[in-house]
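Chemist: Let me give you the structure first, and then I'll get to my questions.
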Amino acid sequence: MLLDNVKGLVRQYLITETDFVKAKDNIDDDQLRRYALKAIDVICQKAEIVLNEEEIGSIVREIVSSVISLGPVRDLMEDESVSEIMINGPTQIFIQRDGKIQLSDVKFESSNELSHMIQKILAASGSGRRVDESSPYVDFSLLDGSRVNIVIPPVSLSGAIVTIRKFSSRIETVDDLIKLGMFNEEMAEFLVAAIKAKLNIIFSGATGTGKTTALNVLGKHIPSEERIVTIEDTAELGFKKEHVVRLQAKAANVEGKGTVSIRDLFVNSLRMRPDRIIIGEVRGSEALDLIQSISSGHSGSLAIVHGESPTDCYNRLVTMLLMSGIQLSVDEIRRQIACAIDLIVHVELFIDGKRRVTHIADLYYDGENKDVILEDVFYFDQKEITEDGKVIGNWVLKKRKPSFLKKFEKRNIKLPSNLFEL
């Protein structure tokens, strides 16, 4: 909290007491750092605060990053209607606006200008990652939460490729998602209750459908007294809660050593006394540890799995467990997954640019028939597509009693009356 206060005071000082605002677009990074260091020194002397080198570096990086020259794409970064920027070499820049991809008229003057921007945003991110011929691709996050992927030659045959998935500060609450048409009020109320009841939930969907956004927003309803451990390959989850421990995988160094995988972090997280473990994306053998940890009592886990449908998501989990090398039959693996996971929340991007939760599916094992059942609790029923491309449909609730209802009763979480046939 002290560091956040100092950052605010430093920014205020730069704006009100110096010519920083006028000068910032015409000076280089070293000059920006000097402005920031002088401001930090003044504020610390006035408030009699002592900061260590790491804290000072953090403030400087944040200030430099906030005004860093993004060249011709700066306006696109500041345009709230643009959700993704796709730079295919210096002269071809696509954007996603309102869920639809279009070619922009923005261009870089040369490949060198694009390369210069890449190195500047990478350095300002504070991620410690690099991109060069020996390591020609990288994933990292900007300080505002936007996710960046970079691929350069010789891997890319089209020049440097930069994909920026922007963090939207406009989407903060469940009401925001309702207004955007991702789900309706009844579904929102159910999902918030499911989070509080510590159901184990997988968020499924293709790339760019809004899985992480949905998880981020719904995750804010985790009770404040719970200890949350997030595990990611590239930081995207942003829970603004007091007790959150964030872990991020680490790529190998120049010598090819020092790799820390998602699975390594997951195994270690079990020793950190977590109330909730949240995985940014499950795509490998860590799926086995996730299922086993849930089975051993770590309820309330949340994770993201890429999939075209709830069924595909479930089948991918089965495949991941098989590839982990576990010595179990396919039937036993299927049973363990079905016993561990309560819900699959599937999100899709429609042709009208809207992201919708199309399925909230109940996953369970039918012991009597010895079969895995995946049955919708809610689903989106698409009726038609109008001439102007608008998707018409509505969400349908199935009234049957879901398999996980006892978890709500156990934690005294109330559901809307008459939601299910009891």
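Chemist: Can you tell which of V10, V50, V6, V42 is modelled with pLDDT of 80 or more, touching a Cys at 6+ places or on another chain (Cβ under 8 Å) and surrounded by 11 or more Cβ atoms within 10 Å (Cβ to Cβ)?
Modeler: Criteria check complete, one pass: V6.
Chemist: Applying the selection to region 399-418, what residues are free of Cβ contacts under 8 Å to residues at least 60 places away in the same chain and assigned to a loop (DSSP other than H, G, I, E, B)?
Modeler: Result: K399, R400, K401, P402, N412, S417, N418.
Chemist: Sticking with this structure for a sec: Checking the structure you have, find out if any residue of region 378-386 is farther than 14 Å from N200 by Cα, touching a Phe, Trp or Tyr at 6+ places or on another chain (Cβ under 6 Å), buried (at least 17 other Cβ atoms within 10 Å of the Cβ) and free of Cβ contacts under 8 Å to residues at least 40 places away in the same chain.
Modeler: Within region 378-386 (the criterion being farther than 14 Å from N200 by Cα, touching a Phe, Trp or Tyr at 6+ places or on another chain (Cβ under 6 Å), buried (at least 17 other Cβ atoms within 10 Å of the Cβ) and free of Cβ contacts under 8 Å to residues at least 40 places away in the same chain), the answer is yes, since at least one residue qualifies.
Chemist: Taking S158 and the conditions (1) surrounded by 15 or more Cβ atoms within 10 Å (Cβ to Cβ); (2) touching a residue at least 40 places away in the same chain (Cβ under 8 Å), which numbered condition does it fall short on, given that it satisfies the others?
Modeler: Result: S158 fails condition (1) only.
Chemist: Sort out which residues of region 128-148 are under 20 Å from T212 (Cα atoms), out of contact with any Gly (no Cβ under 8 Å at 6 or more places or on another chain) and either of a type in the set (G, A, S) or not in a strand (DSSP E or B) (or both), and write them in order of number.
Modeler: If the condition is that a residue be under 20 Å from T212 (Cα atoms), out of contact with any Gly (no Cβ under 8 Å at 6 or more places or on another chain) and either of a type in the set (G, A, S) or not in a strand (DSSP E or B) (or both), then S141, L142, D144, S146 are the ones that fit.
Chemist: Related question: Can you find a residue that is surrounded by fewer than 19 Cβ atoms within 10 Å (Cβ to Cβ), assigned to a loop (DSSP other than H, G, I, E, B) and among the polar types (S, T, N, Q) anywhere in region 105-119?
Modeler: yes
Chemist: Which of the residues that make up region 339-356 are in a strand (DSSP E or B) and closer than 23 Å to D388 by Cβ?
Modeler: E348, L349, R355, R356
The rows are residues; the columns are (1) over 23 Å from F408 (Cβ atoms); (2) at pLDDT 95 or above; (3) not assigned by TED's automatic domain parsing to the domain that holds F266.
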residue: A287; (1), (2), (3): yes, no, no
residue: I291; (1), (2), (3): no, no, no
residue: H298; (1), (2), (3): no, no, no
residue: M323; (1), (2), (3): yes, no, no
residue: S329; (1), (2), (3): yes, no, no
residue: H359; (1), (2), (3): no, yes, no
residue: D371; (1), (2), (3): yes, no, no
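Chemist: Considering region 109-137 alone, what residues qualify as being under 17 Å from N88 (Cα atoms) and in contact with a helix residue (DSSP H, G or I) (Cβ under 7 Å, 6 or more places away or on another chain)?
Modeler: E113, M117, V131 - these are the residues of region 109-137 that are under 17 Å from N88 (Cα atoms) and in contact with a helix residue (DSSP H, G or I) (Cβ under 7 Å, 6 or more places away or on another chain).
Chemist: In the set E84, E80, which member is among the acidic types (D, E) and surrounded by 17 or more Cβ atoms within 10 Å (Cβ to Cβ)?
Modeler: E84
Chemist: Taking the options I63, I68, name whichever one is at pLDDT below 85 and within 30 Å of G208 (Cβ to Cβ).
Modeler: Just a single option satisfies the conditions, and that option is I68.
Chemist: Here's another thing I want to ask about it. Restricting attention to region 387-398, report how many residues are assigned to a loop (DSSP other than H, G, I, E, B) and surrounded by 11 or more Cβ atoms within 10 Å (Cβ to Cβ).
Modeler: The qualifying residues number 3.
Chemist: Right, something else. Checking V229 against (1) at pLDDT below 90; (2) aliphatic (A, V, I, L, M); (3) buried (at least 19 other Cβ atoms within 10 Å of the Cβ): exactly one of these is not met. Which one?
Modeler: Going through the list (1) at pLDDT below 90; (2) aliphatic (A, V, I, L, M); (3) buried (at least 19 other Cβ atoms within 10 Å of the Cβ), V229 breaks only (1).
Chemist: Does V192 satisfy the condition of being crowded, with 21+ Cβ neighbours inside 10 Å, within 22 Å of I279 (Cβ to Cβ) and out of contact with any strand residue (DSSP E or B) (no Cβ under 6 Å at 6 or more places or on another chain)?
Modeler: Considered against the rule, which asks whether it is crowded, with 21+ Cβ neighbours inside 10 Å, within 22 Å of I279 (Cβ to Cβ) and out of contact with any strand residue (DSSP E or B) (no Cβ under 6 Å at 6 or more places or on another chain), V192 comes out as no.
The values are calculated or read from the model by the stated rules, or taken from the named source; none is laboratory data. Not measured: the values here are computed from a predicted model. Counting neighbours? That spans all protein chains shown, and the Cβs are built from the backbone with ideal geometry, glycine included.
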